[in-house]
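Just so it is clear, none of the values below were taken in a lab; they were calculated from the coordinates. Model, not experiment: these values are computed from the prediction. Neighbour counts run over all protein chains shown; Cβ positions are idealised from the backbone, glycine included.
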Amino acid sequence: MTSTRPPFDEIDISSEEFWAQSPDHRDKAFAVLRQERPVSWHRPLAGGMVEPTCTGFWAVVRHEDIVTVSRNPRVFSSAAENGGVGLADVPPDTLKAMVSILVMDDPEHLRQRKLISSVFTPRRVAMIEGQIRAQARRIVADLASDRTGAADFVDAVSKRLPMWTISEMLGVPEQLREVVAENGNTIAGCADDEYQDGRSPMEVIFDAILVQRELMTELMAARRAEPRDDLITELVHAEIEGERLTDDELHAFLLLLCLAGNDTTRHTTSLTMKALTDFPDQRALLLADLPGRLPAAVDEFLRWSSTVQMFSRTVLEDVELNGRPIAAGDRVVVFYPSGNRDEEVFTDPHRFDVTRTPNPHIAFGGGGPHYCLGSHLARTQLHAIFTELLTRLPDLRAGEPEFVVGNAIRGVKRMPCTFTPTG
């Protein structure tokens, strides 16, 4: 098939200016595309790590189509050799070092996912859940004891729980935890001037990877010599049918865990607190029956926040998507926030509704082989931190967030909050 590409769409979702707008403005643009042009052709994304070699991409904005792409890896490839899940022209080995199994297709993906999944035993998960509840209690107790009744919510709450959880899971010493978290924040914010400090986005990423690799090399060697009850120990010794993860595979996955395990929960926590401030009726509903309503509400937190904004795929064979012919070799980009606002799937999608059911959100991807390994962990963290916040600080209010610049993550750098101290 010869790709029947139309002119670039009149709605420009590729520019840095578009992604510098508020999420509400972007949602309006995606709503038009969902209704009129659900698969549309766009110029290459601006503001990436390096200049892309692709000539453009197909934007996929409807929930149903995002699920189709996600669940059909035979046609829509994530493999680094085919370009990975971004649109920048990055060497395959570098991509794998940055995002591990996200940029693999089977059988390589299946092999590594099996090895990694083997360490998340029921005992390990149960131990982690207990740690998370204790961590959430401590974090909110610290905030509640601040007699000023004001704080930066990101610094005091959102960033602390994922950093603490991932570090304890891995076995990262307390004095190194801030470095691990900051590396993740720097990579995710590589397009933001605040993180660049005069460097290019790619230089920012390489510098952070080098720091992380040096740190993890020491920890991996220490756990091989003296095993402990932590995730690094289990990963370096994990074995299925005589196979183990190589050091390069371990480094890549540990970096991914520190990135994904930190960013998703951190930013979802901040955006949810803002939503609970903006929709006081929904906060009141939760407070009226917190144990009964919070489990379902967590799914709404995830749908509403949609912190991961996009992933790309490379088309391996001619295909038709929502009536649009797409040729082998073309790139498609799925936009998760748009799918999570799809009017055909969610009633009144622009309303934050903690009782929403069913809630088939795609915050962890649209299913398929790349469904997020940490989905249970993220849900557990959100349940724990909002149990503590709403119980101990029910009048906490969030101010306006300051967003991270970039089109990969919907991230919050800072967000003021006020509350009545109870410590």
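ARG71 to GLN175: FRET efficiency via 1/(1 + (r/R0)^6), r the Cβ-Cβ distance, R0 30 Å, to the nearest 0.05?
0.10
How about region 222-257: which GluC sites (Glu not before Pro) there lie in a loop by DSSP and see at most 14 other Cβ atoms within 10 Å?
Answer by residue number: GLU239, GLU241.
Given a 10 angstrom Cα cut-off, can you work out which residue in ALA134, ALA252, ALA225 is the most mobile in a GNM of the chain?
So, out of ALA134, ALA252, ALA225, the one fluctuating most is ALA225.
If the cut-off is 15 Å between C-alpha atoms, which aspartates and glutamates fall inside it for LYS114, apart from same-chain ones fewer than 8 positions away?
In chain and number order, the partners are ASP105, ASP106, GLU234, GLU239, GLU241, GLU243, GLU249.
Enumerate the aspartates and glutamates that LYS28 could reach by cross-link, defined here as Cα to Cα under 16 Å, with residues fewer than 8 away along the same chain left out.
ASP9, GLU10, ASP12, GLU17, GLU36, ASP342, GLU343, GLU344, ASP348
Determine the dipole magnitude for the chain: charges of +1 sit on the beta-carbon of Lys and Arg, -1 on that of Asp and Glu, nothing else is charged, the reference point is the Cα centre, and the result goes in debye to the nearest 20.
For the chain, the charge dipole is close to 1100 debye.
Over its Cα atoms, what ratio of radius of gyration to 2.2 N^0.38 Å does region 16-418 give?
Normalised Rg, Cα atoms only: 0.96.
Order of ILE128, ILE385, ILE409 from fewest to most other C-beta atoms within 10 Å?
Result, fewest neighbours first: ILE128, ILE409, ILE385.
Among VAL172, ALA59, ALA208, whose Cα projects farthest towards the positive end of the dipole of the chain, with charges put on the beta-carbon of Lys, Arg (+1) and Asp, Glu (-1)?
Selected residue: VAL172.
With a point put 7 Å past each Cα toward its Cβ, work out how far VAL32 is from HIS376 in nm, to one decimal.
Modelled inter-label distance: 4.4 nm.
Once amide H atoms are built 1.01 Å from N in the peptide plane, which residues 5 or more positions from VAL308, or in another chain, come under 5 Å H to H?
ARG410
Once you place label points 7 Å from the Cα toward the Cβ at GLU129 and THR217, how far apart are they in nm?
The modelled label-to-label distance comes out at 3.9 nm.
Given bins 5 angstrom wide, list per bin the percent of all Cα-Cα distances in region 227-336, short to long.
2, 9, 11, 12, 10, 11, 15, 14, 9, 6, 1, 0
Relative contact order, percent, of region 16-418 when contacts are C-alpha pairs under 8 Å separated by at least 6 residues?
Computed value for region 16-418: 26 percent relative contact order.
Could you identify which residue out of SER145, SER312, SER270 has the top mean-square fluctuation in a GNM of the chain using Cα springs shorter than 10 Å?
Fluctuation is largest for SER145.
Starting from the Cα of LYS413, draw a straight line to each of the aspartates and glutamates and keep only those under 13 Å, dropping any in the same chain fewer than 8 residues away.
ASP152, ASP155, GLU182, ASP192, ASP193, GLU194, ASP263, GLU400, GLU402
How much length is gained if the chain between GLU243 and ASP106 is pulled fully straight, taking 0.36 nm per residue apart and subtracting their Cα-Cα distance, in nm to one decimal?
Gain in length upon complete extension: 47.7 nm.
Once fully extended, how much extra length lies between THR420 and ASP155, figured as 0.36 nm per residue of separation less the alpha-carbon to alpha-carbon distance?
Computed gain between THR420 and ASP155 is 93.6 nm.
Any idea how far the Cα center of region 133-166 sits from the one of region 215-287, in Å?
Each part's Cα centre sits 18 Å from the other's.
Suppose R0 equals 45 Å. What FRET efficiency, 1/(1 + (r/R0)^6) with r the Cβ-Cβ distance, do ASP229 and ASP281 give to the nearest 0.05?
Computed FRET efficiency for ASP229 and ASP281 comes out at 0.50.
For the chain, what does -39500 (n - 2.57) per DSSP helix run (n ≥ 4), summed and divided by total residues, give at 222 nm, in deg cm²/dmol to the nearest 500?
Computed ellipticity for the chain at 222 nm equals -15500 deg cm²/dmol.
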